[in-house]
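Chemist: There's a structure below that I have some questions on.
The values are calculated or read from the model by the stated rules, or taken from the named source; none is laboratory data. Model, not experiment: these values are computed from the prediction. Quick reminder, even Gly has a Cβ in these numbers, built from the backbone with ideal geometry, and neighbours come from all protein chains shown. What goes into the accessible areas is simple: the full protein's heavy atoms, side chains included, and nothing from ligands, DNA or RNA. Shrake-Rupley method; radii C 1.70, N 1.55, O 1.52, S 1.80 Å.
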Amino acid sequence: MGWTWKKEYLDVILVPSGLLIMFGYHFLLLHRHFRRPDTTSMGRDNFYRGAWVDKMMQVECKDRSQALTVINNNISAAFSLSSISMVVSSLIGTWFVGTSTFTSTLIYGDTSQSIIAFKHISLLICFLVAFAAFLQSARCYVHSSFLITMPNTDVPMAHVRKAVVSGSNCWSVGMRALYFAITLLLWVFGPIPMFVCSVVMVVMLYNLDWNTTPLLPYQPAMEGRDLLKKISQEVTAVGRAIGQEVTAVGRAFEHHGRP
């Protein structure tokens, strides 16, 4: 009895291969990011966001409206994408319930009910991860806006920088989940479109994720020096006020002591 080819075998071969390509690429990207962050787009973005925080924290609190505008734009974008991810998740759940008996002769691959259910569940997981990541990104940006607008105090720049960079990292995680969702969405139409999308997606992301431009140097603000400068300014102001009070009291005594 000879072996016969079945179209269901494509899902066993092409789908794991496409996922292996996607996960392998992102593993190499993370390895490169931790070892040489300046050669990746995420490291470049985090570097410039840190520089932006350092420069904005040197501005007086009352003049940081531009920083708040930038952060609010990021918050709005994160909330918009999180809402879209949640809506798509709901649509996928409704679609799964409404197409539980769906089989199509146009799909060259496995069309069994278990595979169809696995496709919908995988898509749902990707969009839920994206929703959670964008929500956390908005939370980090909201926290950074509180730190930037805190008056009459010396907030360490490292705290603000950490909040902004964390928001950027959560944004990147949400975008990666959407990239995986696009690949799995094409799996609904068969394993061949899914595998082709995985290869095209990796080629596209490779051109976007690798940075070959040297980072622009900038001088980070020295928090200790700025703090001493603020203290000296406050001491000078207090001394000037005391001197004015002493002068006023002396003039009052001199005025009353005259015959």
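Chemist: Given Tyr179, Tyr141, which one is part of a helix (DSSP H, G or I) and over 15 Å from Ser76 (Cα atoms)?
Modeler: Of the residues listed, the single one that is part of a helix (DSSP H, G or I) and over 15 Å from Ser76 (Cα atoms) is Tyr179.
Chemist: Now a separate question. Go through segment 1-48 and give me each residue that's hydrophobic (A, V, I, L, M, F, W, C) and under 23 Å from Asp209 (Cβ atoms).
Modeler: Leu19, Leu20, Ile21, Met22, Phe23, Phe27, Leu28, Leu29, Leu30, Phe34, Met42, Phe47
Chemist: What is the number of the single condition among (1) farther than 21 Å from Ala77 by Cα; (2) in contact with a helix residue (DSSP H, G or I) (Cβ under 7 Å, 6 or more places away or on another chain); (3) open to solvent by less than 60 Å² (accessible area, probe 1.4 Å) that His159 does not meet?
Modeler: Of everything listed in (1) farther than 21 Å from Ala77 by Cα; (2) in contact with a helix residue (DSSP H, G or I) (Cβ under 7 Å, 6 or more places away or on another chain); (3) open to solvent by less than 60 Å² (accessible area, probe 1.4 Å), His159 misses just condition (3).
Chemist: Now, a different point. I'm checking my understanding of the structure. Among residues of segment 188-214 that are assigned to a helix (DSSP H, G or I) and open to solvent by less than 10 Å² (accessible area, probe 1.4 Å), which one is farthest from His143 (Cα to Cα)?
Modeler: Pro191
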